[in-house]
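K.L.:
I'd like to ask you about the structure that follows.
The values are calculated or read from the model by the stated rules, or taken from the named source; none is laboratory data. Every value quoted in this text rests on a predicted model; they were computed, and no experiment measured them. Here Cβ is always computed from backbone atoms with ideal geometry, including for glycine, and neighbour counts include all displayed protein chains. Protein only, heavy atoms only, side chains kept; ligands, DNA and RNA dropped before computing areas. Shrake-Rupley method; radii C 1.70, N 1.55, O 1.52, S 1.80 Å.
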Amino acid sequence: MFLPKQSVIYDLDQKLLMEQKKQYDIFVIHTNYSHKFFTSIVRNPAIIGVVRRPEKRIISHAFFFKLKTRSRQLQVLSDQNFINEVVKDTPRYGVNKVISQYFGITNLDISENSLQQYLLRLNSEFTLVIILEKLDESLILLKRLFRWSIYDVIYAAKKTRHREGIHLNASQIKHLEYTNKLEYAIYNFFNKELERKIRNAGDNFSQEVAQFKDILSQTDAFCLTPNNTVPFYTFPASRWDDSFSITTTDCYVIYEQDVNQFKINYPFSVKIGNK
């Protein structure tokens, strides 16, 4: 698995990796999309993307990168007023064109027709683009595509911060849709594509998603019980899956283990990022 300590692999890094002619089973790190790169570093890859609603991503981005703390002028603002300022001018705060860059669109003036043709090409190259607001549905589609067990897609949300007090009104959303057209075009395209795949998944798809949500709830109850002395919890077989068990070790992996524990320095990491 290619999972280096770097948080982003840039275009030059991609070139260096391809020059090494080394292949991996899994590539999982932030990078700009390149079909040539992905098919070079992973043999016959199943390419998975993730997008979320642009306004939610912009809010998350602004807080994650602590943009508020970098400016004394912004520090005195409430969280809501801080976001109001960011929404007014997303390029000024560097929170625009993030999705488009990751999906390989460098021409911000791309025509509508060219954009649609490019998105159709992306759709043919990606196995699935996950919509974060429909994560459970996306994971069940992923499970079916790879013929996995529900056990393989059980997850827990970690490092999440809910900004419940922050609200964008209709005028702000409309402003973002105008000033961040590419972001919304990409999100809307893949959101509709996911909805199409869900419609084609059969009448029992919603039932499997409901069962998945119930399994997640039961997993929470088992894993988050204080001083739990029971070593495992077994889920019975269903029409979609064989019986499987969640162990206390699984609980640790799902709820506590940090991805940074998997990240390691590779021999070429000295070169990567040296601009």
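K.L.:
Given R₀ = 45 Å, FRET efficiency for residue 88-residue 234 by Cβ-Cβ distance, to 0.05?
P.N.:
0.25
K.L.:
Take the Cα radius of gyration of the chain and divide it by 2.2 N^0.38 Å, with N its residue count; two decimals is plenty.
P.N.:
Taking the Cα Rg and dividing by 2.2 N^0.38 Å, one obtains 1.12.
K.L.:
Let me ask something else. Taking 2.2 N^0.38 Å as the expected size of a compact globular protein, what ratio does the Cα radius of gyration of the stretch 95-216 give against it, to two decimals?
P.N.:
Its radius of gyration relative to the 2.2 N^0.38 Å reference: 1.23.
K.L.:
Amide H neighbours of residue 50 under 5 Å, at least 5 residues apart or on other chains, H built in the peptide plane: list them.
P.N.:
Long-range HN contacts for residue 50: 130.
K.L.:
Where does the longest stretch of the chain lie that holds no GluC sites (Glu not before Pro) found in a DSSP loop with 15 or fewer other Cβ atoms within 10 Å?
P.N.:
1-163
K.L.:
Among all the lysines, which ones have a C-alpha under 16 Å from residue 97's C-alpha, if same-chain residues fewer than 8 places away are not counted?
P.N.:
56, 88, 181
K.L.:
Count charges around residue 223 for me, please; just the other residues with Cβ under 14 Å from its Cβ, Lys/Arg as +1, Asp/Glu as -1.
P.N.:
-2
K.L.:
Starting from the stretch 63-151, pick out the chymotrypsin sites (Phe, Trp or Tyr not before Pro) whose DSSP state is loop and whose Cβ has at most 14 other Cβ atoms within 10 Å.
P.N.:
Answer in residue order: 65, 148.
K.L.:
Which lysines, if any, have their Cα less than 26 Å from the Cα of residue 22, not counting same-chain residues under 8 positions apart?
P.N.:
Here the lysines satisfying the reach criterion relative to residue 22 are 5, 36, 263, 271, 275.
K.L.:
Which trypsin sites (Lys or Arg not before Pro) in the stretch 119-220 pass both tests, a DSSP loop state and at most 16 other beta-carbon atoms within 10 Å?
P.N.:
Filter output for the stretch 119-220: 147, 158, 159, 161, 163.
K.L.:
At q = 0.15, 0.16, 0.19, 0.21 Å⁻¹, work out log10 I(q)/I(0) for the stretch 137-275 with the Debye formula, treating every Cα as an identical point scatterer and leaving solvent out; two decimals please.
P.N.:
So the normalised log intensities work out to -1.04, -1.08, -1.15, -1.21.
K.L.:
In what sequence, largest accessible area first, do 10, 233 appear using a 1.4 Å probe?
P.N.:
10, 233
K.L.:
When Lys and Arg each count +1 and Asp and Glu each count -1, what net charge do the other residues less than 13 Å away from residue 253, Cβ to Cβ, add up to?
P.N.:
Here the charged neighbours net out to -3.
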